[in-house]
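Participant: Take this structure, written in structure tokens, and hold onto it; I'll ask about it next.
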Amino acid sequence: MNIAALIDVDGTLLDTNLLHVLAWRRAFERLGSQIEVNRIVHAIGMGGDRLVPAILGEVDEALAEQARAYHAEEYVETNLLEHARALPGAARLLGALRDRGARIALASSARREELDRLLAKLGPAKQEVDAIITQEDVSTTKPAPDIFAVALEALGRPSAAFVVGDTVYDIVAATQLGLPCLCVLTGGIERGLLEQAGAAAIYPTAEELADDLDHAITIGAKLRAA
């Protein structure tokens, strides 16, 4: 099978989205801005370079950089990250893809240092991954398609590929490359929003996706060929 799976991490494999929401809320509070949680929830999935202006509007780069720094402090240095857990079926999904001969890239807007700490929570399953792409590898993060484009290059430009993600921004980024996006609901984004954005299929968790993997791969391969 010459097919690749480009997999998001936060909210897809690891239960981190609400931890990020809390870190961003604290970061914005430190800047003097009270932001309602629901706005942040629906911005999660973007990289920090896109999330800050999405929430605060166009601000000068110094302020945006300060917001990102505060987020990193709140998420990593106060050890919110340590509360992350692997989501149901995450390790099984990676193993099932490997058993079917698929090549696997993790494509995340996180920093590599942060991601390495998170991936340790997947245990031995992290060894199934062929490539890891992070924000350091691109100039612009999701919803720009750069992270998935670099992931495709890292896997040798396979003849067929699909994305697995949990947010509208995964779908938008994938669509710009002509890739289907299979979504899970574990990131907290409503099914209706994912459907409206063009998800190729939606599963409650990675566990259900693993259960239906042969069919899901067929969906991905057919849409990619189209």
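Participant: Considering only the chain, what is the antiparallel percent among its DSSP beta bridges, to the nearest 5?
Facilitator: 5 percent
Participant: As a check on your grasp of the helix formula, calculate [θ] at 222 nm for the chain: sum -39500 (n - 2.57) over DSSP H runs of n ≥ 4, divide by the residue count, round to the nearest 500.
Facilitator: Mean residue ellipticity, 222 nm, calculated: -13000 deg cm²/dmol.
Participant: What percent do you get for the relative contact order of the range 149-226 when only Cα pairs under 8 Å and 6+ apart count?
Facilitator: Rounded, it is 31 percent for the range 149-226.
Participant: Rounded to a whole number, what % of the accessible area of the chain do carbon and sulfur atoms account for, probe 1.4 Å?
Facilitator: C and S fraction of accessible area: 48 percent.
Participant: While we're looking at this one, here's another question. For the range 35-82, divide the Cα radius of gyration by the Kirkwood radius and give the resulting Rg/Rh value with two decimals.
Facilitator: Over the Cα atoms of the range 35-82, Rg/Rh equals 0.97.
Participant: Using protein chains only and a probe of 1.4 angstrom, how many square angstrom of E77 are accessible, to the nearest 10?
Facilitator: Rounded to the nearest 10, the figure is 140 Å².
Participant: Hey, another quick one. GNM, the chain, Cα, under 10 Å: largest mean-square fluctuation among V21, V37, V184?
Facilitator: Per the Cα network of the chain with a 10 Å cutoff, V37 tops the list.
Participant: Under 1.5 on a/c is rounded, so check that first for the range 70-157, then, if it is not, pick prolate when a/b is larger than b/c and oblate when it is not; a ≥ b ≥ c are the square roots of the alpha carbon gyration tensor eigenvalues.
Facilitator: Verdict is oblate for the range 70-157.
Participant: Under 10 Å, Cα contacts only: if you run a Gaussian network model on the chain, which one of P204, P124, P158 comes out with the highest mean-square fluctuation?
Facilitator: The residue with the greatest mean-square fluctuation here is P124.
Participant: For the range 90-226, calculate the relative contact order in percent as a whole number, restricting contacts to Cα pairs under 8 Å that are 6 or more residues apart.
Facilitator: Contact order relative to length: 21 percent.
Participant: So, counting K/R as plus one and D/E as minus one, what does the shell of residues with Cβ under 11 Å around V76 add up to?
Facilitator: -4
Participant: On to the next question. Which of rounded, prolate, oblate describes the range 70-226, given a ≥ b ≥ c as roots of the alpha-carbon gyration tensor eigenvalues and a/c under 1.5 marking rounded, otherwise prolate only if a/b is larger than b/c?
Facilitator: rounded
Participant: Probe radius 1.4 Å, ligands and nucleic acids left out: which of Y169, Y75 has the largest accessible area, and how do the rest follow?
Facilitator: Per-residue accessible area, sorted high to low, gives Y169, Y75.
Participant: Now for a different question. First select every other residue whose beta carbon is under 11 angstrom from the beta carbon of A96; then total the charges, Lys and Arg +1, Asp and Glu -1.
Facilitator: Net charge around A96: -3.
Participant: How many Å² of accessible area per residue for the chain, probe 1.4 Å?
Facilitator: I get 42 Å² per residue for the chain.
Participant: Given contacts defined as C-alpha pairs under 8 Å and at least six residues apart, what's the relative contact order of the range 1-155, whole-number percent?
Facilitator: That works out to 31 percent.
Participant: Kindly identify the range 1-149 as rounded, prolate or oblate by the Cα gyration tensor criterion: order the square roots of the eigenvalues as a ≥ b ≥ c, call it rounded if a/c is under 1.5, otherwise compare a/b with b/c, prolate if a/b is larger, else oblate.
Facilitator: prolate
The values are calculated or read from the model by the stated rules, or taken from the named source; none is laboratory data. Only a predicted model underlies this, so the values are computations on that prediction, with no experimental measurement involved. Cβ coordinates were reconstructed from backbone atoms using ideal geometry, including for glycine residues, and neighbour counts include every protein chain displayed. Remember, those area values only see protein heavy atoms, side chains included, never the ligands or the DNA or RNA. Shrake-Rupley method; radii C 1.70, N 1.55, O 1.52, S 1.80 Å.
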